[in-house]
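Presented below is the structure to which this report refers.
Every read-out reported here was derived from the displayed coordinates using simple, explicitly stated rules and does not represent laboratory data. Since the structure is predicted, the reported quantities are computational estimates derived from the model, not experimental observations. Glycine gets a Cβ as well: all are built from the backbone with ideal geometry, and neighbour counts include every protein chain shown.
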Amino acid sequence: MSARTKLAFFQTGLILLCAIGAWQISDSISSEEDSGSFSVTDSNERTHYFDDAPSRIAIANTYAASVMKMLGIDMGVVVGVSGDFHDEELWPELSNRDLVQQSAHSEIDFEALLDTRPDVYVVFATNGMVDTNSIREKLEPIGIKVLGLDFYKYDSLRAEIGVMASIFNKQSEAMEIFSEFDAIEKLIGDRLAHLDAEERPNVVMEHHASLTRDPVVLTGTSQWTDIIEMAGGINVFEDLPGHTTHVDMEAILDANPDVLMFDGMVFDIGFNSFDENGECDTHFDFIQSRPGFDKMAAVEDDRMVIMSSEFAGPMMIHGLPSLAKIFHPDLFEDIDSDSYILDYFQDYQGVEVAGKFVCYSAGS
């Protein structure tokens, strides 16, 4: 046998040994992922197994961290975050953690992420700007669990809080949160119970993308529709497909909504934000300048509202009284809706509330 042939056999054998080793490692990781003393199922219907609560997790979005604080989870387990945790007052434990991506919607710095050595990476489950499946394909083969949880949709909020509570053994704390949710929802529901359909305002909710293009509205599958309905309103575009969709100006004019709402994600409002440059009033002026909008009921009656992004996250139920009071001021005249927001930040986030959370046009 020639030296060249021997070398070929040696190389082939080496490749086979490496392949077998890689398969064994992959199989070992897969076996570990499919066993444990307890399991949870995330919002992508992926089941994750744990023996103990993870001691090292990375978090992409602030909503997940908000829920952790609501449950009283030790934030010391968080080893990596996105740039969304820049506010030192709201996130004193996390603002200086290692950065693994610029925002919850940006590309992941996988090298930085791996440097933090997380056991679990919490990302959005169904957000259209986050490719959760691609993240899983990269991280799960090397033993990092990718937990898909949104915390911004009413119909899954309790279940997702329950998942986080199960992972960190905080079930009793979750029950206390749900009891408070129940009390707020009952307060609102009891006062709206006898409303007829014609007494519920027609509402158009525009996405912040409307600032730079033709109107984009939030539909029935968006995080806002359930809350709008619970607050006693009707999303006139709830039957359109998709989470958000473009509509013609004429479609909004034809709907002639009683209330125009706007997602405030790109406005300078929310915790520690005060709209110091008057962006809200500039936007209201812009809406009134749209052809034909000056004759719209919502504009004529000055019922335009910009809601901060906190209302679309875990605070949504504590924000429900604010929205109900906007829709039905007479029914909720005696309710201090701001106190619910104050309680949310004091009781669950451990900070004194500061900021402008709602922008109203003059008559709202």
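Values computed for the structure shown
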read-out: Residue count for region 324-339, restricted to those that are surrounded by fewer than 20 Cβ atoms within 10 Å (Cβ to Cβ) and either touching a residue at least 40 places away in the same chain (Cβ under 8 Å) or touching a Gly at 6+ places or on another chain (Cβ under 6 Å) (or both); value: 2
read-out: Members of region 59-72 that are under 21 Å from H105 (Cα atoms) and in contact with a helix residue (DSSP H, G or I) (Cβ under 6 Å, 6 or more places away or on another chain); value: I59, T62, V67
read-out: Test: residue in region 270-279 that is acidic (D, E), touching a helix residue (DSSP H, G or I) at 6+ places or on another chain (Cβ under 8 Å) and more than 23 Å from L192 (Cβ to Cβ); value: no
read-out: Single residue of G148, G143 found to be on the phi > 0 side of the Ramachandran plot and of a type in the set (G, A, S); value: G143
read-out: Evaluation of M261 against (1) without any contact (Cβ under 8 Å) to a residue 60 or more places away in the chain; (2) among the aliphatic types (A, V, I, L, M); (3) surrounded by fewer than 22 Cβ atoms within 10 Å (Cβ to Cβ) (one fails), failing number; value: (3)
read-out: Search result, residues across region 340-364 that are touching a residue at least 24 places away in the same chain (Cβ under 8 Å) and not hydrophobic (A, V, I, L, M, F, W, C); value: Y340, D343, Y344, Y348, Q349, G350, G355, K356, Y360, S361, G363, S364
read-out: Qualifying residue in region 153-167 (condition: charged (D, E, K, R) and more than 18 Å from the chain's Cα centre (by Cα)); value: no
read-out: Residues within region 104-126 that are assigned to a loop (DSSP other than H, G, I, E, B), in contact (Cβ under 8 Å) with a residue 24 or more places away in the chain and farther than 20 Å from V77 by Cβ, tallied; value: 4
read-out: Strands (runs of 3 or more DSSP E) enclosed by region 245-364 - at least 2 residues per element that are aliphatic (A, V, I, L, M); value: 259-263, 304-307
read-out: Candidate set from region 235-258 (those that are of a type in the set (D, E) and buried (at least 17 other Cβ atoms within 10 Å of the Cβ)); member that is farthest from M315 (Cα to Cα); value: D258
read-out: Filtered residue count, region 123-153, keeping only those that are in contact with a Phe, Trp or Tyr (Cβ under 9 Å, 6 or more places away or on another chain), of a type outside the set (S, T, N, Q) and within 22 Å of L218 (Cβ to Cβ); value: 7
read-out: Members of region 201-229 found to be part of a loop (DSSP other than H, G, I, E, B), touching a residue at least 60 places away in the same chain (Cβ under 8 Å) and not polar (S, T, N, Q), listed by number; value: P201, W224
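One line per residue, one yes/no per condition, for (1) within 30 Å of M249 (Cβ to Cβ); (2) surrounded by fewer than 18 Cβ atoms within 10 Å (Cβ to Cβ); (3) among the polar types (S, T, N, Q):
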residue	(1), (2), (3)
V123	no, no, no
L149	no, no, no
Y152	yes, no, no
D190	no, yes, no
